[in-house]
1. State all residues of the range 148-174 that are buried (at least 19 other Cβ atoms within 10 Å of the Cβ) and assigned to a strand (DSSP E or B); if no residue qualifies, say none.
2. Can you spot a residue in the range 90-102 that is loosely packed, with under 11 Cβ neighbours inside 10 Å, under 30 Å from LYS231 (Cβ atoms) and modelled with pLDDT under 95?
3. Could you tell me which numbered condition ALA161 fails, if it satisfies all but one of (1) away from the ligand (no atom under 13 Å from the Cβ); (2) modelled with pLDDT of 95 or more; (3) not basic (Lys, Arg)?
4. GLY179 - would you say it is open to solvent by less than 80 Å² (accessible area, probe 1.4 Å), in contact with a Phe, Trp or Tyr (Cβ under 6 Å, 6 or more places away or on another chain) and on the phi > 0 side of the Ramachandran plot?
5. Only one of these conditions is not met by SER241: (1) among the polar types (S, T, N, Q); (2) assigned to a loop (DSSP other than H, G, I, E, B); (3) surrounded by 14 or more Cβ atoms within 10 Å (Cβ to Cβ). Which number is it?
6. Just one of the numbered conditions (1) in a helix (DSSP H, G or I); (2) of a type in the set (A, V, I, L, M); (3) open to solvent by less than 20 Å² (accessible area, probe 1.4 Å) is not true of ILE133; which one?
7. Scan the range 249-257 and tell me whether some residue there is within 9 Å of the ligand (Cβ to nearest atom), buried (at least 20 other Cβ atoms within 10 Å of the Cβ) and not polar (S, T, N, Q).
8. For a quick check of your reading of the model, give me the residue pairs whose first member lies in the range 206-218 and is closer than 15 Å to LYS166 by Cα and at pLDDT 65 or above, whose second is assigned to a loop (DSSP other than H, G, I, E, B) and open to solvent by 30 Å² or more (accessible area, probe 1.4 Å), with beta-carbon atoms closer than 9 Å and at least 6 apart or on different chains.
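The values are calculated or read from the model by the stated rules, or taken from the named source; none is laboratory data. Small disclaimer: the values here were computed from a predicted structure and weren't measured. Here the Cβ positions follow ideal geometry from the backbone for every residue, glycine too, while neighbour counts run over all protein chains shown. Protein only, heavy atoms only, side chains kept; ligands, DNA and RNA dropped before computing areas. Shrake-Rupley method; radii C 1.70, N 1.55, O 1.52, S 1.80 Å.
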Amino acid sequence: VSLTISPVRDLNGRIIGVSKIARDITDKKQEEERKKNFVTILSHELKTPITSMHAYIQLGLARSLKIEDQTLSNLLERAKSQTIKMTSMINDFLDLSRVEENRMFIDIKPFSLNELLLELIDESQTVAPKFYIEVNCPPLINVLADKDKIGCVLTNLVGNAIKYSKDSTTIKINCSIIGNTVKIDVVDQGIGISPENQKKLFKRFFRVNDTSDNKVNGLGIGLYLAAEIIKLHEGEIKVNSRLGKGSEFSFTLPLIPK
Ligand code: ADP
């Protein structure tokens, strides 16, 4: 309720009483909240239709393979790659609002890194069929982390490697065991990042000027979120890059002893 209290004066300006006006502003407040959280609400609303679109496309793909209709399956593969990109963007928007409102929590459980990488390769190859994605990971690597969130980190790192490299180049995901941790590197042969820009990469909304034109789409939140997620796992993302040569993004996760 909003309360306005003002003096009531007579013709000579003397105060002879007070007027109180009480207004119910519940609707207004709710409207303001909705406006403030517009992107979050929109992202939530978009999630359901995109998820069902993705499921229908999968069904269509299975059918097109069964009837051996190559043209149809090519078209559906392309549609599928767009739904994967949209889902990843929506997840980033939702994560951004979670981070900004200190609502990002991680759910740490053991999972197979090899399985997560297989899922990721499958999606990345759908989104970017012209790239060769190579995984060098020892078998049976089980880690203790939040699988969905680490999936987002890797999707963003591999997505960037694809976005900032030329077609037909190789992107490598290397895993190496160091003590009781596994170090994961995403390596590309792309445009690289200058030492000066490397310092700003993980800031919210930061984009390197040369890449902020229309050629490469992006909002500058992927690396910020990746860094926040790894911070919640008590780790750090490191970058090693040379302009014109390529980049390497690395982070470590705790291993589960075999
Ligand atoms: P976005 O890619 O949406 O712009 P990110 O936060 O993921 O946002 O990345 C921030 C910026 O860092 C990018 O705009 C790009 O300039 C640069 N960048 C990120 N990854 C790479 C990479 N693998 N190679 C070259 N530049 C990169």
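1. ILE171, ILE173
2. Looking for residues that are loosely packed, with under 11 Cβ neighbours inside 10 Å, under 30 Å from LYS231 (Cβ atoms) and modelled with pLDDT under 95, one finds at least one in the range 90-102, hence yes.
3. Status for ALA161: all satisfied but (1).
4. Answer is no for this residue.
5. (2)
6. That leaves (1) as the condition not met.
7. Yes, the range 249-257 has at least one match.
8. These pairs meet every condition: VAL216/TYR164; VAL216/ARG207.
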